[in-house]
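Here the structure comes first, spelled out in structure tokens, and everything after it is commentary.
We did not get these values from a lab; they are worked out from the coordinates using the rules stated. Every value quoted in this text rests on a predicted model; they were computed, and no experiment measured them. Backbone-built Cβ (ideal geometry, glycine too); neighbour counts: all protein chains shown.
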Amino acid sequence: VGFDSLPDQLVSKSVSQGFIFNVLCVGETGIGKSTLMNTLFNTTFEKEESSHHQNIVHLRSRTYDLQESNVDLRLTIVDTVGFGDQVHREESYKPIVDYIDKQFENFLQEELKIRRSLCNYPDTRLHVCLYFLCPTGHSLKPLHLLTMKRLYTKVNIIPIIAKADTISKCDLQKFKIKIMSELLSNGVQIYQFPTDDDALKEINSSMNAHLPFAVVGSSEEVKVETQLVRGRQYPWGVVQVEDESHCDFVKLREMLIRVNMEDLREQTHTRHYELYRHCRLEAMGFRDPGTDSQPFSLQDIYMTKRREFLTEVHHREDAMRQAFITRVKETEAQLKERERELHERFELLKRWHEEEKRHLEEKCGELEEEMSSFSRRKVEADKLQSSVTLPLRRDKEKKTKKQHSQNKQHSQNKYNREKIQYSQNKYNTHRKKL
Ligand code: GTP
Ligand code: MG
């Protein structure tokens, strides 16, 4: 008949539409996120480093259009900038959770539209989260456990040990076991490669046993013998990214891109988005028809929700009014108390002021008394002084006059003597000449 061509029709339709794949990279700054993405897709998406000094984690999304053979892939890489750089990291997961929910919400809003275009909707829901762990060899940090706990119901998590060339083979095995047991004991369900398809059962179940993948990334090609390979050159040798005895990079690429990319996309839609949609619609008041098969009425739901909303608003109003009245009463009581205190203080100051005034008036009276007695004594003293000094002054005036006449006589005598001396000198000079 020809319906065996249906798979081919499906393939050609999908190919003509192109594919979308969105990857979320969660990991501390400088752990090797960009390098690994470059290595995985064998290209250079970006080289720039992120700043270490972010106050909060923020998510940066970049989209690239890739092509392989005749297949178009719209790849979006979402990076967690500043993850793990803050002093208080308890809230680091929040921006990531908000971002994932926002993408689900956008899709839901598109679905709920009357005129929707889901076929060419630019889907931004995150299909996989590559969770980068430091190769410490110790247990998982609380930051990572907390973040993975919040994320695993929203996105497919594939944990990977980054920079696996910096940990020894023996430590790496122990570290892998430790990580898996900690995730299990904390109830974190990471993505498991599906084993329900017979063709993939074997490879996927063996790969599940290798989780978390320990990977090495490199943007450079190194010469090994005659070949150029992607790797990291060290003084003692080369770590080859694509050598399975060196790291699990090939396993990751195989599982993420070549085998399970479609399953990751499907799981995102059927598991994670479905859960989000379920919770959101329930919160909006939607419900499925019950066993009585009563038709589902949007009008009824709207009215019920409206009633619930109005009742809640009413309750809130009442609570706010009550709180306001209590607050006013408290403030009034406080004001009255303040007024009473001020009044008491005023009375105290008034009493103190009166006391001071009386004291000063007394002092003033005493001083006036002292001043009048002083002036009386001064007048008496003046009188006494004038009666003693008058005869003495007359004597002094007489003496002064006498002294003056004596001085005058003395000067006359001196003048006369000098005149005589001069005439004598003149007479002697004249006699010598003669
Ligand atoms: P930000 O975007 O700044 O947060 O950094 P990032 O996580 O994208 O790290 P990036 O890829 O920029 O790598 C940071 C440094 O680690 C670079 O010097 C890389 O060469 C180095 N690096 C990346 N992958 C590996 C690896 O597998 N092993 C080792 N030893 N170094 C690596
Ligand atoms: Mg980077």
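Residues checked against (1) touching a Cys at 6+ places or on another chain (Cβ under 7 Å); (2) within 16 Å of ligand 2 (Cβ to nearest atom); (3) of a type outside the set (Gly, Ala, Ser):
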position: 179; (1), (2), (3): no, no, yes
position: 209; (1), (2), (3): no, no, no
position: 218; (1), (2), (3): no, yes, no
position: 222; (1), (2), (3): no, no, yes
position: 226; (1), (2), (3): no, no, yes
position: 233; (1), (2), (3): no, no, yes
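Taking the conditions (1) out of contact with any Phe, Trp or Tyr (no Cβ under 9 Å at 6 or more places or on another chain); (2) outside any helix (DSSP H, G or I); (3) crowded, with 20+ Cβ neighbours inside 10 Å in turn, residue 211 satisfies each one other than (1). Examine region 25-45 for a residue that is more than 13 Å from ligand 1 (Cβ to nearest atom) and more than 19 Å from residue 261 (Cβ to Cβ), and state whether such a residue exists. Scanning region 25-45, I find no residue that is more than 13 Å from ligand 1 (Cβ to nearest atom) and more than 19 Å from residue 261 (Cβ to Cβ), so the answer is no.
Of all the residues in region 139-179, those that are in contact (Cβ under 8 Å) with a residue 40 or more places away in the chain and not in a helix (DSSP H, G or I) number 13. In summary, residue 65 fulfils each of the numbered conditions (1) more than 22 Å from the chain's Cα centre (by Cα); (2) within 12 Å of ligand 1 (Cβ to nearest atom) with the single exception of condition (2).
Those residues that are part of a strand (DSSP E or B) and without any contact (Cβ under 8 Å) to a residue 12 or more places away in the chain, I need them from region 217-227; list them, please.
Correct list: 221, 223, 227.
Only helices (runs of 4 or more DSSP H) whose full extent lies in region 1-114 are considered here, and the ones with at least 3 residues that are in contact (Cβ under 8 Å) with a residue 40 or more places away in the chain and within 13 Å of ligand 2 (Cβ to nearest atom) are 33-40. Considering only residues in region 115-137 that are without any contact (Cβ under 8 Å) to a residue 24 or more places away in the chain and not polar (S, T, N, Q), the one that is surrounded by the most Cβ atoms within 10 Å (Cβ to Cβ) turns out to be 121.
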